Amino acid sequence: MSRYSALGLLRGAFNGQKHWQPAWRDPEPRKSYDVIVIGGGGHGLATAYYLASVHGVRNVAVLEKGWIGGGNTGRNTTLVRSNYRQPQLHNLFEFGLKLWHGLSDELNYNVMFSPRGAMFLGHSDADMAKLAELGDAMRCDGIDADLLTRDQVEKVEPLLDFSRNARFPIEGAVIQWRAGTARHDAVAWGYARAADALGVDIIQKCEVTGFVRDGDAVIGVETTRGRILAARTGICVAGHSGHVAGLAGLRLPIESQTLQAVVTEGVKPMVQSVIMSNSLHCYISQSDKGGVVMGGDPDNWPSYARRGQPTVVEHAIAQAIGLMPALSRLRMLRTWSGVTDMSFDGAPIIGPTPIDNLFLNGGWCYGGFKATPASGWTYAHTLATGTPHALNAPFSLERFMTGATIDETGVGPMPNHR
Amino acid sequence: MYQIDCPHCGPRAQSEFTFDRPVEAIVPPDAAAADALQALYTRTNPMGVDDEVWRHTYGCRAWLVLTRDRVSHAIDAVRALGPEALS
């Protein structure tokens, strides 16, 4: 792999930039590997990268049904943050946030991480008490969080509606300055290129159709490109975890639901940070191209269709306009949706399954992108050693049967009531 | 899926309806603890047709069972919730 650098770019300028090579190989699958990662999204590629770079396990294949960056990695709203209340969650996401801050350097690929700050708005005294508690919980674990007054929020986001007749009055916010956004495709491409350079085979257009069993244990997978054996197999297909795990006869605490997002035409900078409201279930940020990205709740019924109800998008936009009336003047460029694994406590699952040699990484609900480095790092540890790291040990599949759920929103087992 | 044919009200916009749970996640009152846990906390979650409990929340408020494809969103049948719908 040739290293990307300003000097290389300059040198290429003298021969019409004709020196560029594909960023990763397109190998034929081998008969067997040490580890197979099913799913070539950001999480799967990060897993393969950390398996090779941290654990020296380089005989690894990433099997992708479609193409790299074509699934949920290219469908999220690119937010990166670690402002969660539950210690298990904020410790995992904070570990990831630290990796995000050095990721472009580590991968030699510009993932355009932009720590512009992410705030939760408070609309009432009760909201502010809850946000203060959230900030305190984060600071207890060494994570940055600042409680902002209404005037301080106005300095950061002057276009929010601070008038007396505001639809959603703003009392203040809690902001995490080290949070922000990143370029989602670049994350997949950067991890793919770095993993490939360490010897990982990235095999696209290779759908897993079944598991090869030896007794109870999984010893490989059947794919559309033939049978591939592996000492350990890791499912990493959030959105379709239920389907792929179902091929091995597993039932998961997951329902697949549609999550939609919206982007407007590109305009000059008008949203400085990432604005979120838990009371409203809506979030607003502005991409580097200038489009204002908005999203809200999932469609709240099971679907694998990657298309949702217009009413759900309308609801999210109405709330965003209520917060920032100037948004109503923008034209909508497009809406899209992705299939998300809605787990029954709102937290992910990273760890072993009841089947020998088969591991699961899924259940990311609507918050998987921010965790890409942490998810890959902890899953790589789990796949390399066979046991979870302390960071992902709480996110076991058994927790739903033992009662040790990690219920950030506190609404119990029904994902559609979340 | 933009219309659901309510057996009581006729075809209505899907936004009048809310999803509750798959039929398999109904916990019988006399279920053993282990079976109740399985029903509450695991799903088949098929990439295909499943039976689901919905409610015409913003209409007649009746509970319904939909046989619905989760990929195409096609609805094969809508029945009022009752012993016949679950058999």
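The values are calculated or read from the model by the stated rules, or taken from the named source; none is laboratory data. Being a predicted model, the structure only gives us computed values, none of them experimental. Note that we place each Cβ from the backbone using ideal geometry, even for glycine, and neighbour counts take in every protein chain shown.
Values as computed for the structure displayed
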read-out	value
Region A:13-24 residues that are aliphatic (A, V, I, L, M), paired with ones that are modelled with pLDDT of 90 or more (beta carbon under 8 Å, 6 or more apart)	A:Ala23/A:Trp189; A:Ala23/A:Ala192; A:Ala23/A:Arg193; A:Ala23/A:Asp196
Test: residue in region A:338-345 that is of a type in the set (Phe, Trp, Tyr) and modelled with pLDDT of 95 or more	no
Matching residues in region A:295-318 - criterion: being within 14 Å of chain B (Cβ to nearest Cβ), in a strand (DSSP E or B) and not acidic (Asp, Glu)	A:Pro298, A:Asn300, A:Trp301, A:Pro302
Region B:25-58: number of residues that are of a type in the set (Asp, Glu), surrounded by fewer than 19 Cβ atoms within 10 Å (Cβ to Cβ) and in contact with a strand residue (DSSP E or B) (Cβ under 7 Å, 6 or more places away or on another chain)	2
Matching option when the condition is under 30 Å from B:Val23 (Cβ atoms), surrounded by 22 or more Cβ atoms within 10 Å (Cβ to Cβ) and touching an Asp or Glu at 6+ places or on another chain (Cβ under 9 Å), among A:Ala347, A:Ala404, A:Ala374	A:Ala347
Residues (buried (at least 24 other Cβ atoms within 10 Å of the Cβ) and of a type in the set (A, V, I, L, M, F, W, C)) located in region A:63-80	A:Leu63, A:Ile68, A:Val80
Single residue of region B:2-39 satisfying the filter (part of a helix (DSSP H, G or I) and out of contact with any helix residue (DSSP H, G or I) (no Cβ under 9 Å at 6 or more places or on another chain)) that is farthest from A:Pro302 (Cα to Cα)	B:Ala33
Residues that are of a type outside the set (A, V, I, L, M, F, W, C) and either at negative phi or more than 10 Å from chain B (Cβ to nearest Cβ) (or both), drawn from region A:394-409	A:Pro394, A:Ser396, A:Glu398, A:Arg399, A:Thr402, A:Thr405, A:Asp407, A:Glu408, A:Thr409
Tally of residues being of a type in the set (S, T, N, Q) and either in a helix (DSSP H, G or I) or in contact (Cβ under 8 Å) with a residue 24 or more places away in the chain (or both) across region B:40-68	1
Residues (in a helix (DSSP H, G or I) and surrounded by fewer than 24 Cβ atoms within 10 Å (Cβ to Cβ)) located in region A:383-394	A:Ala384, A:Thr385, A:Ala393, A:Pro394
Whichever residue in region A:94-112 is of a type in the set (Phe, Trp, Tyr) and surrounded by fewer than 24 Cβ atoms within 10 Å (Cβ to Cβ) and, among such residues, is farthest from A:Ala404 (Cα to Cα)	A:Tyr109
Matching option when the condition is outside any loop (DSSP other than H, G, I, E, B) and within 16 Å of A:Phe120 (Cβ to Cβ), among A:Ile275, A:Ile321	A:Ile275
Cβ pairs under 8 Å, 6+ apart, first in region B:69-84 and within 9 Å of chain A (Cβ to nearest Cβ), second of a type in the set (Phe, Trp, Tyr) and crowded, with 17+ Cβ neighbours inside 10 Å	B:Arg70/A:Tyr304; B:Val71/A:Tyr304
Any hit, region B:36-56, residues being within 11 Å of another protein chain (Cβ to nearest Cβ), more than 21 Å from A:Gln257 (Cα to Cα) and among the aliphatic types (A, V, I, L, M)	yes
Pick from region A:246-261, criterion outside any loop (DSSP other than H, G, I, E, B) and surrounded by fewer than 22 Cβ atoms within 10 Å (Cβ to Cβ), ranking: farthest from the other protein chains (Cβ to nearest Cβ)	A:Leu247
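Let's see how each residue does on (1) at pLDDT 95 or above; (2) in contact with a helix residue (DSSP H, G or I) (Cβ under 6 Å, 6 or more places away or on another chain); (3) surrounded by fewer than 21 Cβ atoms within 10 Å (Cβ to Cβ):
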{"position": "A:Gly296", "(1), (2), (3)": "no, yes, no"}
{"position": "A:Asp299", "(1), (2), (3)": "no, yes, no"}
{"position": "A:Ala305", "(1), (2), (3)": "no, no, yes"}
{"position": "A:Ala318", "(1), (2), (3)": "yes, no, yes"}
{"position": "A:Pro325", "(1), (2), (3)": "yes, no, yes"}
